[in-house]
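Below: the structure, in structure tokens.
The values are calculated or read from the model by the stated rules, or taken from the named source; none is laboratory data. Just so it is clear, the structure is predicted and the values come from calculations on it, not from any experiment. Glycine gets a Cβ as well: all are built from the backbone with ideal geometry, and neighbour counts include every protein chain shown. Calculation scope for accessible area: heavy atoms of the full protein, side chains included, ligands and nucleic acids excluded. Shrake-Rupley method; radii C 1.70, N 1.55, O 1.52, S 1.80 Å.
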Amino acid sequence: MRRETYMIKKIHHAYLAIVLASLCLLSMNTEARASLMIDASVGGAPTGVNYVNFDDLTLGSVGGVSGGVTVSFSGDGQAVQGSESGQYAAPYLSNGNGTLFGDPNDGPDTTTYLSTGTGSVTLLLPGQQMYLGLLWGSVDNYNTLSLYNGDTLVGTITGSDVTNNADGNQGVNGTYYVNINSTLSFDKVVATSSSNAFEFDNVAFNPSAVPEPSSFIMAFFGGIGMFAYRQRRRNGRTNNLKLA
């Protein structure tokens, strides 16, 4: 009987140690930064499955919901059309890469697009995502795109990560379609710029296949509990054999 009690205590201690270690690991993972794989090219196309072109947004800084994405602005960020000297320049469509977004014509974007000014544009995505694509116009080295899971920063991309020639070229060779794959899921994207401006349109995204953390923890606890139960039964059978 003492041996059985001793074994149960050992199992409980091992169980608690594993639980604590796993919770620490989960905590570390939520703080970890993702690896972001970037594929950017002039005339490139999205590889995502969901598309939003922002054409139904009201011009200005009102924001709203477009294609399931909630758009908001800070500072002088806004939804715009055309180009305004010294303020914003329309992204350039090429190689028919606007077709999936309802605009097959090449040339300067004539539809509504988003500009940060020297403020920001925030996109709240519908659920967890692992991929983001966007038509990034006149790429500058002071443009920054940040991916978040809630309020936790997942990863950051600057114009210099998109191209070595991030010099604000407003022609066809200055606009890139940028495909971003992340090793961690995200549900919020924030575009900022320290100078006028970060302009983008035609966003694509892919939903995450990563299970919810709560589901993972429940499955983990269930597995550990089953292990402890089987160990208790095995030790009980061993003790009964010895008594016999």
Inset, instruction - Find how much the distance from residue 110 to residue 65 grows on full extension, using 0.36 nm per residue of separation minus their present alpha carbon separation; answer in nm with one decimal. - result: 14.2 nm
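For residue 163, what charge total do you get from the other residues with a beta carbon under 14 Å from its beta carbon, if Lys and Arg give +1 and Asp and Glu give -1?
-4
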Legend entry - Sum of side-chain charges, residue 90 neighbourhood, beta-carbon under 11 Å (Lys, Arg +1; Asp, Glu -1): -4
Inset, instruction - Keeping the other protein chains in place, figure out the carbon and sulfur percent of the accessible area of the stretch 54-208, with a 1.4 Å probe. - result: 43
